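K.L.:
I'd like to ask some things about the structure below.
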Amino acid sequence: MRVLLVGATDFLAPFVARDLLERKCEVAVLADGPCDFGESVEAFAADPRREADVVAAVRSWRADVVVDMLHDRPEQAGIALAASKGRVSRSVHLSSAVVYGTEPTCPVDEETELASVEAAPSGVAAQVEVDQAVLRAIGEGAPAVIVRLAELYGPRDPRCAEWYFAKRALDGRTRIAVPDAGLHICHRGFVQNLARGIAQAVTSARSPGNVYNLGEEKLYTLAQLVRGVARALDHEWEAYSVPGDAWRTPYDHTCFFDLRKARTQLRYRDRMIPRDGLELTLGWLCQNPRQGDWCWPGIDDPFDYAREDGLIDEHGRRLEA
């Protein structure tokens, strides 16, 4: 099987390529920036957002499968679908949990209603529209696959939500504010684990025409994640519950998947336990600390320790270890 990864970056794509190579696939990547995945992976330096470039790569590579790794606007879905039509056995489109909104009824399965385009923030609305475009194509008989990913994390993650917690430990913080007692369960996925699931969707005979939710098998509350960060960094702090409407952190909402479809049809299983994935991520962050311009959606100043201490003093309730 010959697989073309469109819009490949140096975070997720190398793990997907590696897993596909282990499955005896031939792999090529198409990207408009530098990408060196080794001699085993052919690289096309072209614009993944230009249909002519994607079609040319599909033809010259003689691809059997196209994987759209951008999936961030309806036009992109149209490009991937048009480049695939009549040329490949399937196209695989990588989506994310945000299409279900911030407060879905959990566990979320593949039939759960998507967030409203009109009510969603612009970035989320665009992803919902992309999913809708691919679903329409599937309804018309296209051999397309949608893989909706949990919150990705891992080394080389350009966003890296874990930096919010790691920096506090590295700065020697002895207290940390956790909204709503840290009871939120935000489904996460270590990059190596979810890459494996993507490769399974690429190669499975059952996947065309299907949607799959993909995340780690073990779920953690936000409070458990906070304790896990401290343990991995050999750090001690006290966690305090504060009102969720007064304090935000990454992963401070609840959305977790029903994985039965991926487990049954794709035979998905975690390759690495989440605790080891977290330790690898934090180890990388210690060696590659994020810069001062790091930010997270909805958090104005993520490292305003004075405000955090004031909130703990006024409203904090210590969480038991």
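Each reported figure results from applying straightforward, stated rules to the coordinates on display, with no laboratory input. Bear in mind that the values here come from a model prediction, so they are computed numbers and not experimental data. Ideal geometry is used to build each Cβ from the backbone, glycine not excepted, and the neighbour counts take in all protein chains shown.
K.L.:
In the chain, with Lys and Arg counted as +1 and Asp and Glu as -1 at Cβ, which of these residues, L21, Q127, Y220, has the Cα nearest the positive end of the dipole, that is, farthest along it?
P.N.:
L21
K.L.:
What does the helix-only formula give at 222 nm for the chain: each DSSP H stretch with n ≥ 4 adding -39500 (n - 2.57), the total divided by the residues, and the result rounded to the nearest 500 deg cm²/dmol?
P.N.:
Values: 9 runs with 107 residues, N = 321.
That comes out to -10500 deg cm²/dmol.
K.L.:
On a C-alpha basis, how far is the centre of the stretch 198-235 from the centre of the stretch 283-300 in Å? Whole number, if you could?
P.N.:
21 Å
K.L.:
Hey, in the GNM for the chain with a 10 angstrom Cα cutoff, which one of P274, P48, P243 fluctuates hardest?
P.N.:
Answer for the Gaussian network model of the chain: P243.
K.L.:
Sticking with this one: Scan around E26 for amide H atoms under 5 Å from its own, H built in the peptide plane at 1.01 Å from N, and keep only partners 5 or more places away or cross-chain.
P.N.:
HN-HN under 5 Å from E26: R2, V3.
K.L.:
Sticking with this structure for a sec: Compute the angle between helix 13-22 and the longest alpha-carbon principal axis of the chain, please, reported from 0 to 90 degrees and rounded to the nearest 10.
P.N.:
Between the helix axis and the principal axis of the chain, the angle is about 60 degrees.
K.L.:
On full extension of the chain, what length is gained from E236 through E113, given 0.36 nm per residue of separation minus the C-alpha to C-alpha distance?
P.N.:
Residue separation times 0.36 nm, minus the Cα-Cα distance, leaves 40.1 nm.
K.L.:
Further question on the same structure: For R90, what residues show an amide H to amide H distance below 5 Å, using hydrogens built from the backbone and excluding near sequence neighbours?
P.N.:
The list, which skips near neighbours in sequence, is V66.
K.L.:
Additional query: Under 20 Å Cα to Cα from K218, which lysines show up? Leave out anything in the same chain fewer than 8 places away.
P.N.:
Once the sequence-local lysines are set aside, what remains near K218 is K261.
K.L.:
Next up: Counting other C-beta atoms within 10 Å, and keeping those with at most 12, which DSSP coil trypsin sites (Lys or Arg not before Pro) do you find in the stretch 37-121?
P.N.:
Counting only loop positions with at most 12 other Cβ atoms within 10 Å, the trypsin sites (Lys or Arg not before Pro) in the stretch 37-121 are R50, R62.
K.L.:
Now for a separate question. Could you work out the percent of alpha carbon pairs in the stretch 2-149 separated by over 28 Å, rounded to a whole number?
P.N.:
Summing the P(r) of the stretch 2-149 above 28 Å gives 19 percent of all pairs.
K.L.:
Sticking with this one: If you plug each phi of the stretch 152-159 into the Karplus form 6.51 cos²θ - 1.76 cosθ + 1.60 with θ = phi - 60°, what whole-Hz ³J(HN,Hα) values come out, in order, with x for Gly and Pro?
P.N.:
Values per residue, Gly and Pro as x: 6, 8, x, x, 6, 5, x, 8 Hz.
K.L.:
Output the 0 to 90 degree angle, nearest 10, between the alpha-carbon long axis of helix 305-315 and the longest principal axis computed from the alpha carbons of the chain.
P.N.:
60 degrees
K.L.:
Scan around E238 for amide H atoms under 5 Å from its own, H built in the peptide plane at 1.01 Å from N, and keep only partners 5 or more places away or cross-chain.
P.N.:
Correct list: R175, I176.
K.L.:
Next up: Name the residue from P302, T102, V145 whose Cα lies farthest towards the positive end of the charge dipole of the chain, charges +1 on Cβ of Lys and Arg and -1 on Cβ of Asp and Glu.
P.N.:
V145
K.L.:
Using only the alpha-carbon atoms, how far is helix 191-203 inclined from the longest principal axis of the chain? Give it as 0 to 90 degrees, nearest 10.
P.N.:
It works out to around 20 degrees.
K.L.:
³J(HN,Hα) across the stretch 121-129 via Karplus (A = 6.51, B = -1.76, C = 1.60, θ = phi - 60°), whole Hz, x for Gly/Pro?
P.N.:
Once θ is set to phi - 60°, the couplings for the stretch 121-129 become x, 4, x, 5, 4, 4, 5, 4, 5 Hz.
K.L.:
Test of understanding: in a Gaussian network model of the chain with alpha carbons linked when under 10 Å, which of I299, I176, I146 would top the mean-square fluctuation ranking?
P.N.:
It is I299.
K.L.:
Something else: Among DSSP beta bridges lying fully in the chain, give the percent that are antiparallel, nearest 5.
P.N.:
Taking every DSSP beta bridge within the chain, about 5 percent pair in antiparallel fashion.
K.L.:
Could you tell me which GluC sites (Glu not before Pro) in the stretch 1-79 are loop residues by DSSP with no more than 15 other beta carbons within 10 angstrom of their beta carbon?
P.N.:
E39
K.L.:
Take the alpha-carbon centre of the stretch 57-96, take the same for the stretch 1-20, and report the distance between them in whole Å.
P.N.:
Between the Cα centres of the stretch 57-96 and the stretch 1-20 lies a distance of 13 Å.
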